[in-house]
Amino acid sequence: MDYQHLSTLLWREQELLDLLLFKAEEKQYLIVTGKTRWLARIAHEIEVVLEQLRTLEVERSAATEAIAAQLGLDGNPSLRQVADAAPAPWNDLFAKHHEALLVLVTDLRSLSDANQRLVEGGLAAIGDVLLQTRTGATGTYGATGRHDDGTHRAVTLDGTL
């Protein structure tokens, strides 16, 4: 049983999740400070980390399945189930990996939700400004070449208001 290999993969996953958390915090900083010029770059960097996580997840899943089979666990067990069934000292180490991963994922979800709210708030603010710009226009020239301030006035036959 290659407990060490699985543990190494779990350490790598924690490192990548920590990097993803850092990138999400960078994104939040860029949003809050209005430095939108860099948002495309940070989005690309986040995608690179996510791709590395997806690749690692496949390898971790295979390693977990192999250990689970040797421990007599059903297919596709959770890390918690593997930790509960593994012998000492691996049970404790896998339990700590599980806790660390839960904390990282919880932090990522919170930060992601906060970033989403910031983006939505920014879009709503832009929409409000655009709406005010349209409705708050100072007027244009009408068909007669005279200034039209948006109010409608009745004109008599002799041309007076």
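The values are calculated or read from the model by the stated rules, or taken from the named source; none is laboratory data. The structure presented is a predicted model; accordingly, all values stated were derived computationally and were not measured. Cβ: placed from backbone, ideal geometry, glycine included. Neighbour counts: every protein chain shown.
So the values come out like this:
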| item | result |
| --- | --- |
| Qualifying residue in the range 25-36 (condition: of a type in the set (A, V, I, L, M), in a helix (DSSP H, G or I), modelled with pLDDT of 95 or more and within 17 Å of the chain's Cα centre (by Cα)) | no |
| Odd one out for G75, checked against (1) over 16 Å from N115 (Cα atoms); (2) surrounded by 12 or more Cβ atoms within 10 Å (Cβ to Cβ); (3) not hydroxyl-bearing (S, T, Y) | (2) |
| Hey, T64 β-branched (V, I, T), surrounded by fewer than 13 Cβ atoms within 10 Å (Cβ to Cβ) and part of a helix (DSSP H, G or I) or not | no |
| Those residues of the range 1-60 which are more than 25 Å from L71 (Cβ to Cβ) and basic (K, R), in sequence order | K23, K27, K35, R37, R41, R54 |
| Residue satisfying all of: in the range 87-120; over 20 Å from the mean Cα position of the chain (by Cα) and surrounded by fewer than 16 Cβ atoms within 10 Å (Cβ to Cβ); nearest to L71 (Cα to Cα) among these | P87 |
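Residues checked against (1) over 24 Å from the mean Cα position of the chain (by Cα); (2) modelled with pLDDT of 95 or more; (3) at negative phi:
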residue	(1), (2), (3)
L9	no, yes, yes
Q14	no, yes, yes
L17	no, yes, yes
L21	no, yes, yes
H44	no, yes, yes
E51	no, yes, yes
R60	no, yes, yes
A69	yes, no, yes
V82	yes, yes, yes
